[in-house]
1. Looking for something aliphatic (A, V, I, L, M), under 30 Å from Ala374 (Cβ atoms), touching a residue at least 40 places away in the same chain (Cβ under 8 Å) and surrounded by 15 or more Cβ atoms within 10 Å (Cβ to Cβ) - is there at least one such residue anywhere in the range 243-258?
2. Return a yes/no flag: does the range 467-478 have any residue that is among the small types (Gly, Ala, Ser) and closer than 16 Å to Thr372 by Cβ.
3. Please state which one of Phe300, Phe315 is touching a His at 6+ places or on another chain (Cβ under 8 Å), modelled with pLDDT of 95 or more and on the phi < 0 side of the Ramachandran plot.
4. Tell me, please, whether a residue that is in a loop (DSSP other than H, G, I, E, B), aliphatic (A, V, I, L, M) and either within 24 Å of Leu183 (Cα to Cα) or touching a residue at least 12 places away in the same chain (Cβ under 8 Å) (or both) can be found in the range 309-327.
5. Return the only residue of Ala104, Ala137 being aliphatic (A, V, I, L, M), farther than 28 Å from Leu520 by Cα and either open to solvent by 60 Å² or more (accessible area, probe 1.4 Å) or touching a strand residue (DSSP E or B) at 6+ places or on another chain (Cβ under 7 Å) (or both).
6. For residues that are more than 30 Å from Tyr303 (Cβ to Cβ), hydrophobic (A, V, I, L, M, F, W, C) and outside any helix (DSSP H, G or I), scanning just the range 206-255, find the one that is modelled with the lowest pLDDT.
7. Within the range 138-145, does at least one residue satisfy the condition of being of a type outside the set (Ser, Thr, Tyr) and more than 21 Å from the chain's Cα centre (by Cα)?
8. How many residues, within the range 342-377, are polar (S, T, N, Q), more than 30 Å from Ala475 (Cα to Cα) and open to solvent by less than 10 Å² (accessible area, probe 1.4 Å)?
Amino acid sequence: MKVAALFFILVACAYANPRKYHYIPTEQFQTEDVDDDVMHPDADDDEPEVRPFAVQPEELTKEHWIQHGRDFVERQLNKAPNTKKAKNIILFIGDGMGHTTVAATRMAMGNENIKLSFEEFPYVASSKTYCVDEQVADSACTATAFLHGVKGNSMTIGVNGNMRYMDCVDTNNRNKYTESIALWAQKAGKASGVVTNTRITHASPAGVYANTASRYWEDDNEIRLDGCPAGTIEDIAMQLVHGEVGSNLNVLLGGGSRAFIPNTETSHRANGRRRDGRNLINEWLAAKPGRTYVNNREDFMNYDINRDGDLFGLFNATHMSYNLDRTRWELQDLEPTLEEMSVKAVDILSKKEEGYFLFVEGGRIDHGHHATQARMALDETIEFQKAIKSVVDKVNLEETLIIVTADHGHVFTISGYPHRGNDIFGLTASNAQDAMRIFTLSYANGPGFNTHRVGGQRVNPNTLDRTPVDFRYPAMVLLSSETHAAEDVAIYGIGPWAHLLQGTVEQSVIPHVMAYASCLGNGKKMCDNEEQ
């Protein structure tokens, strides 16, 4: 009886002040008319009287929003599609940059109503990201889609859906290979390049030049470890140096030197991974006259863009450092930024009279999310949009098609009814049912689970130091690495024929739009219209 009495007292207290305790009786969810106060609770009694953000006075008036809407309509009416031939094509990939990441980045930059540089582009579409065999995609099958125009199986690159993952024999079946937009550009006499802050042999950049049954076969040792006969398969690094597409790339910038040197040699304070004894960097240098290899920021920044020959830059044994780590570990003199690499790549490729194709990946957005380190992921998104802005400011948009998109999203969310101006990396003003605050940012799964639970109970967020840049944000389910999401992602376009990118589309249409705009490949081209 005493237990029952105590229970009813607690329930009565919760009903007396439901906004304080946020007690939600189960039976209320079984009715059709749920109290809106329960579904959308206000803040606690201890909410600060002054909110952390000063709303601009004009936002409080109806006239501001009416004029905003009218201005939008006017801009839409004044859009004039560019139907010229795209001399140049630039594809930017924000790896893992789903819609929530874009929204959270705006808030991290200081205001919900600002736009990232690529959000100023006039044309936007929605891309469906699934693989042939998986609802939730990886970066390999998506690279095949947005670079080759063909959807394939998860973990495979540059092959169709008939190629099974990690098939040691079938991986050499060229009948199942697909061609990338880079090859189409090279056949048309254009220059071509790859820029990434991941390993240059990683899934997304490998999509430019590789065909393989496994994204993990970056070097010959990885192939051996998977049980395939030694010497029967060209690893991804080998395809970059000696493959049909890779050997003809004019600019190659990123990380991952370990895949190109023997395990008896050292690069960037780490041993190589190759077991075949080959130094592929030396082989790349010897293949064509005038080539230059750089492995640090100083040599890279001093590289003369007017010299003849190709440029190969590797700045880390594995992935390049997070931007935040470059600062705290004082790596600024060792590794260039994504912005610096992108701008120099454009400068070099622009010398080609026939134009160029350039692939740029902001790859460490994805890695920050996998670690549930939201500060890292959002800062990398800021750096990504900086690189895009600098490139847009440099090129002639009358003749350059620029597409910005993501390969996939993440199980990353913004929640809890935070006020305008809320610290996106902090806590909401209201409590959960356990009378503790909740994080504005969280993940459905990942390693952040352990940071926020002890003995099955949630740790009080107010006791956690949230200031470290590598702080792990909460996850509902424990995994060693947070997963991708199946959400559609945005495609942003500007320049010739960018208006073709509208509506909800398959991810695999992207290279076909680029090919049409620049008269590449064997499909329909805008040049066909000029000949009629």
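1. Yes: the range 243-258 contains one or more residues that are aliphatic (A, V, I, L, M), under 30 Å from Ala374 (Cβ atoms), touching a residue at least 40 places away in the same chain (Cβ under 8 Å) and surrounded by 15 or more Cβ atoms within 10 Å (Cβ to Cβ).
2. Yes: one or more hits.
3. Working: Phe300 fails: touching a His at 6+ places or on another chain (Cβ under 8 Å).
None of the others qualify; the one that does is Phe315.
4. Checked against the condition, which is being in a loop (DSSP other than H, G, I, E, B), aliphatic (A, V, I, L, M) and either within 24 Å of Leu183 (Cα to Cα) or touching a residue at least 12 places away in the same chain (Cβ under 8 Å) (or both), the range 309-327 yields at least one hit.
5. Details: Ala137 fails: farther than 28 Å from Leu520 by Cα.
When all the criteria are applied, what remains is Ala104.
6. So the residue we want is Ala230.
7. Checked against the condition, which is being of a type outside the set (Ser, Thr, Tyr) and more than 21 Å from the chain's Cα centre (by Cα), the range 138-145 yields no hits at all.
8. Narrowing the range 342-377 to residues polar (S, T, N, Q): 342, 350, 372-373.
Those still in the list that are more than 30 Å from Ala475 (Cα to Cα) too: 342, 350.
Checking which are open to solvent by less than 10 Å² (accessible area, probe 1.4 Å) leaves us with 342.
Total meeting the criteria: 1.
The values are calculated or read from the model by the stated rules, or taken from the named source; none is laboratory data. What you see is a predicted model, and the numbers here were worked out from it, not measured in a lab. Cβ coordinates were reconstructed from backbone atoms using ideal geometry, including for glycine residues, and neighbour counts include every protein chain displayed. Surface areas here come from the heavy atoms of the whole protein model, side chains and all, with no ligands, DNA or RNA. Shrake-Rupley method; radii C 1.70, N 1.55, O 1.52, S 1.80 Å.
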